[in-house]
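Here, each number is a calculation from the coordinates, and none is a lab measurement. None of these values were measured; they are calculated from a predicted model.
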């Protein structure tokens, strides 16, 4: 699974790696037991520091998505897709709550919020 980084997005490189691998795991593109590219090889492939890839893999391990096995590599763990989806829904709801508060303070109407959501959705889905 190729990881594609943007050096101009403003999102830290390790976060981009985490998000792309997290998405692939949760969508089932990286199945349970799949061995991930080694930290050093991924760093070389992406042209980033070993610290960047190590932080990304450590974040994925902390989230319970992968296991880092010393001397062996990193492997995808079994994922409870229902629990992951429920957690994602809760996180999205929290973010939307902050967005609605900001919009209400600025006098932005719900129809405009819907348009903005569709616009952002389309930007990130292509």
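Think of it as helices only: each DSSP H run of n ≥ 4 in the chain is worth -39500 (n - 2.57), and spread over all residues that comes to -20000 deg cm²/dmol at 222 nm.
Relative contact order, whole percent, for the range 13-76 stands at 41, derived from Cα pairs under 8 Å and 6 or more residues apart.
I need the per residue convex hull volume for the range 81-125, using only the alpha carbons, in cubic angstrom as a whole number.
On the way: hull volume 3.3 nm³, N = 45.
Given the Cα convex hull of the range 81-125, per-residue volume reads 74 Å³.
Across the chain, the convex hull enclosing all Cα atoms gives 128 Å³ per residue.
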